[in-house]
Structure formats: C-alpha cells, structure tokens
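Reading through the structure tokens given below for one structure.
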Amino acid sequence: MRKIIYHPSGRAGEYADHGYAVNLFKGCTHGCKYCYVPMFTHQDRATFHASVTPAPDVLERLKADMKRVGVLDEPIFMCFTCDPYCIDAPEGITRAAIKIIIESGNRVNILTKAGVKAKKDFDLLCSVHGNKIGATLTFYDLSKSVKWEPRASWPSSRIIMLEDAKFIGIQTWASIEPVIIPGESLAIMEEAIPYVDEFKIGKLNHHPLAQEINWKDFALKAVDLMEKHNKKYLLKQDLIKAARI
C-alpha cells in the first residue's frame, strides 16, 4: 500500500519541525489567490479550487503508516496541500485521521484557515498532551481577507478558534505567511498574541508583490513585537534571507 505520510522538506519542513506530514484531501475551495499548491503540484488553479475529495484510501494508508513508523518524536503535520477543515471537505475524514494518529501513540499538528469548524475536534486534541492547532493569519482587515482568500473563515473567526483552543489547554500557533501587506500581518499578529503560544513568520513567495516589500523593516518590526510580548517565534529562512538579518 502506497505511503501517505512523508517528510516535507524546504519551507514546509520548517513548519513541520522536520517531522512527518499527511495530506488528507485533494483540492481546496478557499480560493486563496496566493495559493502555491496548484503550481507546486502542477494542477490547473480553477480545477484545484473547484472541489475537495479525500486522498485515495486515505484512512487505510494512514493506519498502515502509523503501524510502520511507530511512535515519532514530532507531531504529524496536517496539512500542506489542503485544509483539514475546508468548508467543502467530506465530513468525518479529519476526525478519523486524528483518532488514528492519537491511538497510535502519536500527536497531530494542525494548520487551518477555519474557525468554528475546527472546534468540533477539540475534544480529541485536548484528550492527550502535545497536540497542536494553528491558524494561518494574513489580514486584519476583513475586506482584504475576503479579496485574497474569499471562502476561508474570517480573520476574527480564526482568532476566536485559537482563543477557545488555548482556553481548554490545546497548544496553539499561528502561521504568518504569506505576508502580502506587512502592516496587516503585524496588526493581526498583535491581535492574536494573547491566544497564540508560538508564531512562525514567513514572507510572500512566487508573487511579484514580494519585490515591492521592505522585508528587513517587516522582520525587525515582527521581532520587536514578539520580544515585547515574550512570545516564542520562528523566522522562516526565506524571510531571514530576504531581510538580510
């Protein structure tokens, strides 16, 4: 049976703490204009954003992989090429995958642009220590979010999700990537600070707007914000290189 968990490398490896990852679905209907996945996976963008389907034999393959690898040092990341809580994702797949991973003695590290929908599995995430949930935070201004990521949950909904997760003891984190308007990224970071245990801060890639941004200025302001609030954070290597710091 073909493996479904894998070791992501490069930029993705930084997010997965150099552990394993799994992609549960094919396609994503968030419609994010900055999405890199169609290019990365050589898919037509319109087709990729049109529907969400489970990866072939996803749960059976995941069970087999969990037996094969045993207990791992790092949580299994879900997901890089899809959203485990995409509004159009088939019900039950994500919850079943979390159960399989937890019952194997492992932990999960979830990244989503969902709000309320992600909360339905909080009972599983808080059942054992070490599970994590994170949200991609891109814009503070709702109108800008709707323009760039039209079918993702509103920024306020993602922050409320993180607040509720942290309140019941689930480890939380935020992905600050892509950075399209630096001031927006800094504003949403500051809004989320009380509810986020760790920030992972990147930049904008594969888009002409990236050439117009002062990455050093953004990076220094982001670091100042993190240090001011004594927050754990990671600057991704792309940002460090672009900022020359």
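The values are calculated or read from the model by the stated rules, or taken from the named source; none is laboratory data. Quick caveat: nothing in here was measured; it's all calculated off a predicted structure. As a convention, Cβ positions derive from the backbone with ideal geometry for all residues, glycine included, and neighbour counts pool all protein chains shown.
Evaluate segment 181-194: report whether one residue or more is touching an Asp or Glu at 6+ places or on another chain (Cβ under 7 Å), charged (D, E, K, R) and in a loop (DSSP other than H, G, I, E, B). No, the conditions are met nowhere in segment 181-194. The set of residues in segment 84-119 that are of a type outside the set (Gly, Ala, Ser) and over 25 Å from Glu177 (Cα atoms) comprises Pro90, Glu91, Ile93, Arg95, Lys99, Ile100, Ile101, Ile102, Glu103, Asn106.
Just one of the listed residues (Arg95, Arg107) is loosely packed, with under 15 Cβ neighbours inside 10 Å, under 18 Å from the mean Cα position of the chain (by Cα) and at pLDDT 95 or above, namely Arg95.
Taken over segment 110-129, the residue count meeting the criterion of being assigned to a loop (DSSP other than H, G, I, E, B), buried (at least 24 other Cβ atoms within 10 Å of the Cβ) and without any contact (Cβ under 8 Å) to a residue 60 or more places away in the chain is 1. Only one of the numbered conditions (1) in contact with a strand residue (DSSP E or B) (Cβ under 9 Å, 6 or more places away or on another chain); (2) surrounded by 15 or more Cβ atoms within 10 Å (Cβ to Cβ); (3) under 21 Å from Ala152 (Cβ atoms) is violated by His49, and that is (1).
Exactly one residue out of Ala187, Ala219 is modelled with pLDDT of 95 or more and either at positive phi or in contact with a strand residue (DSSP E or B) (Cβ under 7 Å, 6 or more places away or on another chain) (or both), and it is Ala219. Contact map, segment 130-143: first residue of a type in the set (A, V, I, L, M), second residue part of a loop (DSSP other than H, G, I, E, B), Cβ cut-off under 7 Å, separation 6 or more or different chains; pairs are Ile133/Ile170; Ala135/Lys113; Leu142/Trp154.
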